[in-house]
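Report on the following structure.
The values are calculated or read from the model by the stated rules, or taken from the named source; none is laboratory data. All of these numbers come straight from a predicted model, not from anything done at the bench. Neighbour counts run over all protein chains shown; Cβ positions are idealised from the backbone, glycine included. Protein only, heavy atoms only, side chains kept; ligands, DNA and RNA dropped before computing areas. Shrake-Rupley method; radii C 1.70, N 1.55, O 1.52, S 1.80 Å.
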Amino acid sequence: MSTDFATITWRNREVRIECQSIAPERTAAPLVVFLHEGLGSVAMWKDFPARLCEAAGVRGLVFSRPGYGRSTPRADDEIWDVDFMHRQAHEVLPALFAALGLGDQKPWLFGHSDGGSISLLHASRFPDKVAGLVVLAPHIFVEDVTVANIENARTAYLGTDLPQKLGRYHDSADSAFWGWNRIWLHPPFRDWNIESELDTIRCPVLAVQGIDDEYGTLAQIRGIAARVDGCELLEIPQCGHSPHRDQPDRVIVAATSFITRNRRETP
């Protein structure tokens, strides 16, 4: 695996995006793009993307969104609005794919939490440019349990060593944490809902969620299945909000089978 940076223009400035390629020598294999959670980064995925790519025989691209990991932190005056996930899906992803020269390739998107929501939004806006989706614990509307635990995270960030722990994975822990936390706790965000936007998704979708998810109920992935024809669900017992950490083998087997059954001949 090699780590590099791509440069895009976003929000009227140049932004460096931290990227890691997995098995680029598999030039004829499908490309799986990994989209991290609300406090995630390239490093926080650890070895999971490499394990999945090896099992499925695919190439991988792992990247840190602006404000996260080693990517350009948020500007001091940059406050994310209710549409922050839409902007990642509709603006940042296309700009990144163009900067990396993906051309007509149709990648698979493998998204966790906020990254799962961004994956769904990208496939909704660009239905002919995505080969398939695997989404873990995605959000399609805001639930009380989600907000309550994000409030708990704010308390922990202000009163524990959480900033130091996040600092291992981000150049600016404040950039990553407050960008995510403030918008999720912003009162207008309680009305955020992308259910109707799922109707235009045309690619295969596997939606995975832990039965013990502390950040959302199974209504999230079941809501996707109600909107997307042929969507497959995997509800995992003894599993919280991060199935790839709590039950990695189960997720790898399921995702590998799903990708293998639905993979296309063109990369």
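Annotations for the structure displayed:
- Gaussian network model of the chain, Cα within-10 Å springs - most flexible of Gln209, Gln238, Gln20: Gln238
- A cut-off under 11 angstrom between Cβ atoms defines the neighbours of Phe97, and their net charge, with Lys, Arg +1 and Asp, Glu -1, is +1.
- Antiparallel %, DSSP beta bridges [both residues in region 6-63], to 5: 70 percent
- Listed values for region 179-188 are Karplus-derived 3J(HN,Hα) couplings in whole Hz (6.51 cos²θ - 1.76 cosθ + 1.60, θ = phi - 60°), namely x, 6, 5, 5, 6, 5, 9, 6, x, x, and x replaces Gly and Pro.
- Note on the chain: with a GNM built from Cα contacts shorter than 10 Å, the maximum mean-square fluctuation among Thr200, Thr27, Thr146 falls on Thr27.
- Antiparallel content of DSSP bridges confined to region 106-208, in %, to 5: 10 percent
- Region 38-79 and region 127-155 have Cα centres separated by 16 Å.
- Share of carbon and sulfur in the accessible area of region 3-265 stands at 46%, probe radius 1.4 Å.
- Each helix, a run of at least 4 DSSP H residues, gives -39500 (n - 2.57); summed and divided by the residues of the chain, these come to -10000 deg cm²/dmol at 222 nm.
- Gyration tensor (alpha-carbon) shape descriptor, the chain, a/c threshold 1.5: rounded
- What the chain shows is 42 Å² of accessible area per residue, with the surface traced by a 1.4 Å probe over protein heavy atoms.
- Here the Gaussian network model covers the chain, with springs between Cα atoms less than 10 Å apart; of Glu14, Glu91, Glu195, Glu14 fluctuates the most.
- Antiparallel content of DSSP bridges confined to the chain, in %, to 5: 40 percent
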